[in-house]
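For reference, the structure is listed below as structure tokens.
The values are calculated or read from the model by the stated rules, or taken from the named source; none is laboratory data. Values in this document were obtained by computation on a predicted structure and should not be read as measured data. Cβ placement follows ideal geometry from the backbone for every residue including glycine, while neighbour counts extend to all protein chains displayed.
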Amino acid sequence: MLTPAEAVARHAPLGLAYLPTSSYHEMQEWALPVAAQRRYHRAAERLEPEFGDAALDMLRGGHWRAFQARYPGSNRLHKRMLRASRRIWERERPDDPEWLESRDHVWRAQCNCPYWHGVFGGLYLPHLRAAVYTG
């Protein structure tokens, strides 16, 4: 097993790769306005007979940022975590136990569960939001 930095150091690139700005299918759907979600579903239903489960691979829905625009509570929580992360890394002190504890709290806040609704409730579960908010 290699870290990304080790892999880059050991292996020459084979060429350029441009990754699409997208997410898993459900997130792409959730990020869309309601009317666009309906069109997304209709398109998926039309493609499904020919492509089966791969039909959704041919569709692009909304972006994570659009999801955050639809759910301002998630957006505020996410931005709070990003600010905390920036602040902790601006004053990196890996020998300081308090800094290490703060870093661990930021890392916990980076868990993805409370930022969207997902299959396990996520954003709708107050204990998950509270855990991230209080750190």
So which residues in the stretch 35-77 are more than 20 Å from L123 (Cβ to Cβ) and either crowded, with 16+ Cβ neighbours inside 10 Å or touching a residue at least 60 places away in the same chain (Cβ under 8 Å) (or both)?
-> Y40, A44, L47, A55, L56, L59
Considering every residue within the stretch 9-17, establish whether at least one is under 23 Å from G121 (Cβ atoms) and either surrounded by 10 or more Cβ atoms within 10 Å (Cβ to Cβ) or outside the structural domain of N112 (by TED's automatic domain parsing) (or both).
-> no
Looking at this structure, is L32 over 13 Å from the mean Cα position of the chain (by Cα) and either touching a residue at least 12 places away in the same chain (Cβ under 8 Å) or more than 29 Å from C113 (Cβ to Cβ) (or both)?
-> yes
Yes/no for W64 being assigned by TED's automatic domain parsing to the domain that holds A130 and of a type in the set (A, V, I, L, M, F, W, C) | no
Among the candidates V119, V132, single out the residue that is part of a helix (DSSP H, G or I) and either at pLDDT below 85 or β-branched (V, I, T) (or both).
-> V132
Working only within the stretch 85-116, note down all residues that are assigned to a loop (DSSP other than H, G, I, E, B) and over 17 Å from N75 (Cβ atoms).
-> R91, E92, R93, P94, D95, D96
Members of the stretch 1-36 found to be among the small types (G, A, S) and either more than 25 Å from A54 (Cβ to Cβ) or at pLDDT 90 or above (or both), listed by number = A5, A7, A9, A12, G15, A35, A36
Only one of these is more than 21 Å from H63 (Cα to Cα), touching a residue at least 12 places away in the same chain (Cβ under 8 Å) and either of a type in the set (D, E, K, R) or buried (at least 17 other Cβ atoms within 10 Å of the Cβ) (or both): R103, R80, R87. Name it.
-> R103
Of all residues in the stretch 17-29, which are part of a loop (DSSP other than H, G, I, E, B) and under 17 Å from N112 (Cα atoms)?
-> S22, S23, Y24
